[in-house]
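Single-structure report; data block below.
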Amino acid sequence: MRRTAVPIRVLLADDEAMIRAGVRAILAADPAIDVVAEADDGRAAVDLTHRHHPDVALLDIRMPRMDGLAAAAEIRRTAPDTAVIILTTFSEDDYIGRALAGGASGFLLKSGDPRELLTGVHAVADGAAYLSPPIAHRVITRLHGDTRLTRGARARRRADTLTARERQVLALIGAGHPNAEIARRLHIVEGTVKAYVSAILTRLDVRNRVQAAILAHEAGLVDVTADPTDDTAGGARP
């Protein structure tokens, strides 16, 4: 979670008023989150993002005028400081792939535990990525499908273009750690981590941390058996 007293500013977009009310009530239970705007369609969500500059935009997929996937891509293109979470009842692989390709940092199911919503908002506001457990399982399953050897070799070649330190940072991104935690583990300042992350995204030609995390898994940089409390996990030795 962000180590600041400033509330996380959230925009909520869903075309169903009762759903918005329920999500708003969950978010309101966390004093570190402030819902600053609500929209009932994707076009309004984009416009309100430009007006209110939220830290996080929570978007449904199926909305009038502009759907959530198109709105997510537009927000990431025109308001890159706003992280996007897709919050939906639909978990089809096509939706997941399009959301992540469009720059979303999170994908949550409305049927999930309300605590996942709060965790996801804090995670993406802190610069990390967050997928609900069923979605994460599907993504990992796809990574380990029939094409895993080809994808892995391609990912390793791309990762080999990075410096040793950049690969350490990439491994920790893949393990789901936010910038503050990466800085602690590598004993560097958070501003340096942000510079590394920016360089990694550029050199790997990926749009966001989610895509970088997927590549880290494909390249075998993330030890899924490692103890997440171990400072040496994920290639984090200084």
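The values are calculated or read from the model by the stated rules, or taken from the named source; none is laboratory data. Remember, predicted model here, so these are calculated numbers, not experimental data. Note that each Cβ is placed from the backbone with ideal geometry, even for glycine, and that neighbours are counted across all protein chains shown. What goes into the accessible areas is simple: the full protein's heavy atoms, side chains included, and nothing from ligands, DNA or RNA. Shrake-Rupley method; radii C 1.70, N 1.55, O 1.52, S 1.80 Å.
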(request) Kindly establish whether Asp60 is within 19 Å of the chain's Cα centre (by Cα), surrounded by 18 or more Cβ atoms within 10 Å (Cβ to Cβ) and either of a type in the set (Asp, Glu) or at pLDDT below 95 (or both). (result) yes
(request) Using the structure shown, decide if Asp81 is out of contact with any strand residue (DSSP E or B) (no Cβ under 7 Å at 6 or more places or on another chain) and without any contact (Cβ under 8 Å) to a residue 24 or more places away in the chain. (result) no
(message) Here are the criteria: (1) open to solvent by less than 50 Å² (accessible area, probe 1.4 Å); (2) in a loop (DSSP other than H, G, I, E, B); (3) modelled with pLDDT of 90 or more. Tell me which single one Thr161 does not satisfy.
(response) (1)
(request) Please enumerate the residues belonging to region 1-14 that are modelled with pLDDT of 95 or more and open to solvent by less than 70 Å² (accessible area, probe 1.4 Å). (result) Ile8, Val10, Leu11, Leu12, Ala13, Asp14
(request) Test each condition in (1) assigned to a loop (DSSP other than H, G, I, E, B); (2) in contact with a Ser or Thr (Cβ under 7 Å, 6 or more places away or on another chain); (3) aliphatic (A, V, I, L, M) for Met66 and report the one that comes out false. (result) (2)
(request) Answer with yes or no whether Pro31 is more than 21 Å from the chain's Cα centre (by Cα), in a loop (DSSP other than H, G, I, E, B) and closer than 21 Å to Gly120 by Cα. (result) yes
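I'd like to check something: does region 200-209 contain any residue that is in contact (Cβ under 8 Å) with a residue 60 or more places away in the chain and either in contact with a Leu (Cβ under 6 Å, 6 or more places away or on another chain) or open to solvent by 40 Å² or more (accessible area, probe 1.4 Å) (or both)?
Scanning region 200-209, I find at least one residue that is in contact (Cβ under 8 Å) with a residue 60 or more places away in the chain and either in contact with a Leu (Cβ under 6 Å, 6 or more places away or on another chain) or open to solvent by 40 Å² or more (accessible area, probe 1.4 Å) (or both), so the answer is yes.
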(message) Would you confirm whether or not region 108-123 contains a residue that is of a type in the set (Gly, Ala, Ser) and closer than 20 Å to His53 by Cα?
(response) yes
(request) Could you check Thr89 against (1) under 18 Å from Pro7 (Cβ atoms); (2) out of contact with any helix residue (DSSP H, G or I) (no Cβ under 8 Å at 6 or more places or on another chain); (3) of a type outside the set (D, E, K, R) and say which number it fails? (result) (1)
(message) Tell me yes or no: at least one residue of region 189-197 is over 23 Å from Ala99 (Cα atoms), hydroxyl-bearing (Ser, Thr, Tyr) and either open to solvent by 70 Å² or more (accessible area, probe 1.4 Å) or at pLDDT 90 or above (or both).
(response) yes
